[in-house]
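Throughout, read-outs are computed from the coordinates displayed, never taken from laboratory work. Keep in mind the model is a prediction, meaning the values are calculated, not measured. Positions of Cβ are backbone-derived with ideal geometry, glycine not excepted, and every protein chain shown enters the neighbour counts.
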Amino acid sequence: MKITSVSAQVRNPDRVNISIDGKYRLSLTIAQVVDLGIKSGAEVSEEMLVELEAESTFGKVYQRALEYCLMRPHSAREVRDYLYRKTRTTKYRQRQTGEVKERQGISHSVADRVFNKLVEKGYIDDERFAAYWVEHRNQAKGASQRKLSAELSAKGVDSRIIEAALAETDRADEDELAKVIAKKQSKYPDRQKFMQYLARQGFRYDDIKTALDEISQR
């Protein structure tokens, strides 16, 4: 078999179409083409073709995972869950015929390789993610440290990393509580129910009582 064409894609100039014996077979990123030394006219064996197809899959999944990471910082668990979903077989309906077909998921080895490369490139970092979450989560609305800690824990962040991120922040529960009270007090005419709501948000009872007492005395 022979590589008969190496041409840039029209819709995605970062990817290159590879044709084998005159027929399109797979696509690779420009970086992959350079690294693998892909050239038109080169002979390829069946084993080499299998490797190229694996590289093609890896490149596509890595690009999508990278875009996912760049939307906002994500925890390592979130990225692992995202990649795990890619390994599952999914059903889809063809638009033309309405026929239901199955799309095979990627292999776990490809998912692991993508994850490891994202870590290597610095796109997955739980310490940076925790710092981001603490500083930006509900910044305008307010959020208690207890709530932030619970959210980070649910995302799989280690407790030591959470504690360090909370210790570094300038956000104080007194200020965050004031934000929540300003936003929500009008919806809770019953003081006791409002206190219960604030307690569910992770604020201490004494802080809640003090803040509400100060407001009522103004």
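Below, the figures for the structure above:
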| quantity | calculated |
| --- | --- |
| Paired Rg and Dmax values of segment 155-218, which use every Cα atom, in angstrom | 14.0, 43 |
| Tail fraction, Cα-Cα pairs, segment 119-190, threshold 21 Å, whole percent | 32 |
| Three-way shape label, segment 91-218, alpha-carbon gyration tensor, a/c 1.5 | oblate |
| Pairs of lysines in segment 56-208 (C-alpha under 23 Å apart; 8 or more residues apart or interchain) | 28 |
| Within the chain: Cβ-based charge dipole about Cα centre, in debye rounded to nearest 20 (Lys, Arg +1; Asp, Glu -1) | 1200 |
| Cα gyration tensor shape of the chain, rounded if a/c is under 1.5, else prolate or oblate by comparing a/b with b/c | prolate |
| Segment 1-122: equivalent-ellipsoid semi-axes (sqrt of 5 x gyration tensor eigenvalues, Cα, Å) | 27, 20, 14 |
| Low-density loop positions, trypsin sites (Lys or Arg not before Pro), segment 53-149 - DSSP coil, at most 13 other Cβ in 10 Å | Arg88, Arg95, Lys121, Lys141 |
| Sorted by Cβ density within 10 Å, fewest first, the residues Met195, Met71 | Met71, Met195 |
